[in-house]
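The structure under discussion appears below in the form of structure tokens.
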Amino acid sequence: MGACGSKEASNEDSEQKKRSQAIDKKLEEDSRRLRRECKILLLGSGESGKSTIVKQMKIIHQNGYTQEERALYRLTIYKNLIDCMKALVGAMQQFEIEPEDETVRDYVEYIIEYNVDPDPDTPLDPKAADAVEAIWKDSAASKTMDRQSEFYLMDSAP
């Protein structure tokens with residue numbers, strides 16, 4: 001047309017209009033999504049279960065964990081297991097409680113020196129697993145656990 005000082009829309013103008021409409025549509029979708037989203041503030045002291053609740057929500061509502069996430073959690077479990085055993089062994093030494101069996105004494109030394117491999121795909125050393133089991137079954141462990149209020153042991157320990 002072009003009458004009265006107007007001009008035809010150029011290709012550039014129509015592309016800008018399409019881009020603007022796409023942005024507007026995206027903003028509207030984000031707004032709708034945010035209205036459905038529920039945010040929760042979890043408060044509590046250390047080791048009170050805050051992260052456990054978040055993990056359970058992920059399992060229930062987001063189809064669980066990927067294989068990579070599972071491998072990382074496996075590493076955390078191994079590390080916590082060995083750290084708890086080191087804390088128990090340290091308390092045994094502090095309270096001068098000796099294991100009865102010579103094999104368990106050797107395992108105590110092994111656990112003190114043992115470090116978990118940081119590669120999430122590496123399984124726990126079978127000897128470390130045997131050491132944990134043997135130390136835990138020894139009467140020195142139960143005598144030490146009787147004095148648990150006198151040393152720090154993670155809540156995740158038995």
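The values are calculated or read from the model by the stated rules, or taken from the named source; none is laboratory data. All values reported here derive from a predicted model rather than from experimental measurement. All Cβ positions, glycine included, derive from the backbone under ideal geometry; neighbour counts span all protein chains shown.
Numerical summary
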read-out: Criterion violated by ASP155 - all others in (1) modelled with pLDDT of 90 or more; (2) within 23 Å of the chain's Cα centre (by Cα) satisfied; value: (1)
read-out: Pairs, first surrounded by 11 or more Cβ atoms within 10 Å (Cβ to Cβ) in segment 107-125, second aromatic (Phe, Trp, Tyr), C-beta under 6 Å, six or more apart; value: VAL116/TYR78; LEU124/TYR78
read-out: Count of residues meeting criterion [over 27 Å from the mean Cα position of the chain (by Cα), touching a residue at least 40 places away in the same chain (Cβ under 8 Å) and assigned to a loop (DSSP other than H, G, I, E, B)] in segment 133-151; value: 1
read-out: Residue match in segment 4-12 (condition: within 26 Å of PRO123 (Cα to Cα), at pLDDT below 85 and among the polar types (S, T, N, Q)); value: no
read-out: Residue in segment 59-79 that is more than 29 Å from GLY49 (Cα to Cα) and exposed (fewer than 15 other Cβ atoms within 10 Å of the Cβ) present; value: no
read-out: The listed residue being at pLDDT 95 or above and either over 15 Å from ASP125 (Cα atoms) or part of a helix (DSSP H, G or I) (or both), out of TYR73, TYR107, TYR78; value: TYR107
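Rundown of residues vs (1) among the basic types (Lys, Arg); (2) not assigned by TED's automatic domain parsing to the domain that holds ALA141, yes/no style:
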| position | (1), (2) |
| --- | --- |
| GLU28 | no, yes |
| ARG33 | yes, yes |
| ILE40 | no, yes |
| LEU43 | no, yes |
| MET57 | no, yes |
| ALA71 | no, no |
| ARG74 | yes, no |
| ASP83 | no, no |
| VAL89 | no, no |
